[in-house]
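Report on one structure; see the data block that follows.
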Amino acid sequence: MPSITSFFRIGSVLVVLAAIAYQIVLKVDLPEPFVVKVIKQLFLDTRCYVSVTTLSSKLPNAECISIGRDGRFKKVFLDETSYPYVKQQRKGHVIPGFWDGHGHLLQYGELMNSANLFGAKSMKEVKERLVEYKASNEEAGTSKQWLRGIGWDQANFGGKWPVASDLEVDSKFKDLHVMLDRVDVHCIWVSEKVLSLLPSPLPKIPGGEIPAKGVFCDNAIDIVTKYYPQPSRERKAQFIKDAMFDLNKLGIVGVHDAGVFPEELKLYQELVGEKDWSVRVNAMLECETRNTFCPDDVSQFSTPDGMLQMRSVKLFADGALGSWGSAMIEPYNDHKDSSGSLLVNATTLSKLTKDWATAGYQVNIHAIGDLANRLAIDAFASALDTLCPELPRLECQAKYRFRIEHAQIIHSDDQRRMMGMGIIPSIQPTHATSDMPYAETRLGKSRTASEAYRMRSLLPLNPILGSDFPVEPANIFEGIYAAVTRRSPHTGLDADGGTKGWYSEETITVEDALEGFTINPAYGAFLEGKAGVIQEGAYADWLVLAEPLESMGIESLRKATVLETWVAGKRVYSRPGPLNFYNK
Ligand SMILES: *[C@@H]1O[C@H](CO)[C@@H](O)[C@H](O)[C@H]1NC(C)=O
Ligand SMILES: [Zn+2]
């Protein structure tokens, strides 16, 4: 009979052998002292890289990360005590996973399944792309499944609005249901068949415009969408899956989904447990009817694994600049009789903000024009005074974290008010570079210089950066490039072909831009310390790059891609090809 002591002796020898085998097989570096750590290491996945940029004040630069079974970082360390026998061949530079602070998940997935009209330079090219799409999507265009597309811009049609009959592209299109989103998704262009479903005469909708027969902008879009057959649950689930797969490829581990209807939120809740739900989603609730109070339709929640949460609401103050829909204090420079339109008046916006905040929601207001931004700030100021009468606004705001989505054109007085209150701007750097060819025409020189597309001016507010996908491509590197250079990430140039950068005094640094796509969106989603950072206890989400971000030349940053994307300690994307050193 073996004694108890020899049993332990054999046992510890086995543990040591197992640990050595484990080290050799997985090439994990184990620090001393040995046996104690071995037991821990058996339950941790430890990986070492050439460098790990953590964005954490605890240890800004590390080399190794250990991930627990709960999908969180258990240890982040410098490998000064590496076990001498097995030195892992380290490759790659790690940064925290990217967050897109403002995007639209379902629409992105739907776009991936729609006709892509982005960059189509003429009506002829739009038609060609539609024909091509129809050829490979026979079923599109029926009354149950309309043919969708996105990306047209009347600027490419000689500035003339398109009309419904333009969509009689060929005999196959004769009776099709077609609905195409403008590049900024603030207008739709529909076919005759869709028009035939609508009431006649068409109703007048405040905050909406019908600039041509078949084109509906801002609130007028609702006239059509009432008749739009919602994609089936299966199709929507597919859209989400496609979108997440694509976002992971771009290094995105989390998004702020800027407007999710209660029904969609329920679908999200059903799907979140599935294996291919690979992007963290911070959803902003959007009521079935825009700009209303609907707290009974769905309640706030977050899943224990942090893959889905909803604790904020999206309100809309105005429309977009491209279609003269944004609400301005002074008239447009190129439409002297118009200053755009509000989608909601000041009284209602303020009441909604208070009601939602009182119900415990973070309130995120879409505001593009300087009037819309002013009213959003007014609404926040008054809500903060009501919510915490005894606290300074800045302290109250730290609890509620009110945000302005887009925060695009802001009067200098109001920029100062934002600073005073700590209102969070949620900015899309690629909107600045996409709008730079026409923004000054709309706004005039002085308004553009002092109010438009602020980035460096708003830096003390730790702006959340995003892309507004599918309005812009979801590529974060393009967003960083646009923020750092104020030049088009597609061409590398200014609107006039130069390389000075559009109002280059508003550029920010690569480091600031990276924070805008990591720790700032984490704070804006109440996830500070959990997301956008590599430190003990945070979600184990990270990216592997071939080169450190800061040593990439700015022009290579524009075209940079990630080698790998990890979410909750699992690899969700790995770039195929010779540079993929793990799958060899
Ligand atoms: C604001 O809008 C609400 C709802 O449409 C309306 O009832 C109210 O009279 C408006 N208030 C003002 C001051 O225009
Ligand atoms: Zn948006």
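Just so you know, all these numbers are worked out from the coordinates, no wet-lab data involved. Owing to the predicted nature of the structure, the values given are computational and were not obtained by experimental measurement. Glycine also receives a Cβ, built like all others from the backbone with ideal geometry; neighbour counts cover every protein chain displayed.
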Seminar exercise, completed: Under the Karplus relation with 6.51, -1.76 and 1.60 and θ = phi - 60°, whole-Hz ³J(HN,Hα) for region 564-575, x at Gly and Pro, equal 8, 10, 10, 10, 6, x, 10, 7, 9, 8, 9, 5
Exercise. With a sphere of radius 13 Å drawn around the Cβ of Ile427, what net charge do the other residues whose Cβ falls strictly inside it have (Lys, Arg +1; Asp, Glu -1)?
Worked result: -4
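In debye, nearest 20, what is the charge dipole magnitude of the chain about its Cα centre with +1 on Lys and Arg Cβ and -1 on Asp and Glu Cβ, if you could check?
In total the dipole reaches around 1360 debye.
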Exercise. Considering only the other residues whose Cβ falls under 14 Å of the Cβ of Leu349, what net charge follows from Lys and Arg at +1 and Asp and Glu at -1?
Worked result: +1
For this session: Could you please state, rounded to a whole Å, how far the C-alpha centre of region 319-356 is from the C-alpha centre of region 437-454?
Result: 17
For this session: Counting other Cβ atoms within 10 Å, keep those with at most 11, restrict to DSSP loop, and tell me which chymotrypsin sites (Phe, Trp or Tyr not before Pro) in region 75-176 are left.
Result: Tyr85
Seminar exercise, completed: Checked against the positive end of the charge dipole of region 105-225 (+1 on Cβ of Lys and Arg, -1 on Cβ of Asp and Glu, about the Cα centre), the farthest of Asn113, Ile205, Gly159 is Gly159
Seminar exercise, completed: The orientation-averaged projected area of the Cα convex hull of the chain, in nm², is 31.3
Exercise. Rounded to the nearest 20 Debye, what is the dipole magnitude of region 424-561 about its Cα centre when Lys and Arg each give +1 and Asp and Glu each give -1 at the C-beta?
Worked result: 380
Problem set entry | Signed unit charges on C-beta, dipole axis of region 325-447, positive-most listed residue Ile368, Leu387, Met419 | Leu387
Seminar exercise, completed: Inverse of <1/r> over all distinct C-alpha pairs of region 105-225, i.e. the Kirkwood Rh in Å, gives 14.3
Problem set entry | Sparse-neighbour loop sites [chymotrypsin sites (Phe, Trp or Tyr not before Pro); region 347-453; at most 16 other C-beta within 10 Å; DSSP] | Tyr438
Seminar exercise, completed: Taking alpha-carbon centroids only, region 127-193 lies from region 464-480 a number of Å equal to 25
For this session: Excluding residues fewer than 8 places away in the same chain, name every one of the aspartates and glutamates whose C-alpha is closer than 17 Å to that of Lys160.
Result: Glu125, Asp181, Asp184, Glu209, Asp334
Seminar exercise, completed: Quick shape check on region 58-167: root eigenvalues a ≥ b ≥ c of the Cα gyration tensor, a/c under 1.5 is rounded, otherwise prolate if a/b tops b/c, else oblate, and it reads prolate
Exercise. Which is farthest toward the positive dipole end of the chain among Ala568, His104, Phe517, measuring Cα position about the Cα centre, with Cβ charges +1 (Lys, Arg) and -1 (Asp, Glu)?
Worked result: Ala568
Exercise. All other residues with a Cβ under 13 Å from the Cβ of Phe73 taken together, and with Lys, Arg as +1 and Asp, Glu as -1, what is their net charge?
Worked result: +3
Problem set entry | Net charge dipole size for region 92-227 [Lys, Arg +1 and Asp, Glu -1 on Cβ; Debye, nearest 20] | 260
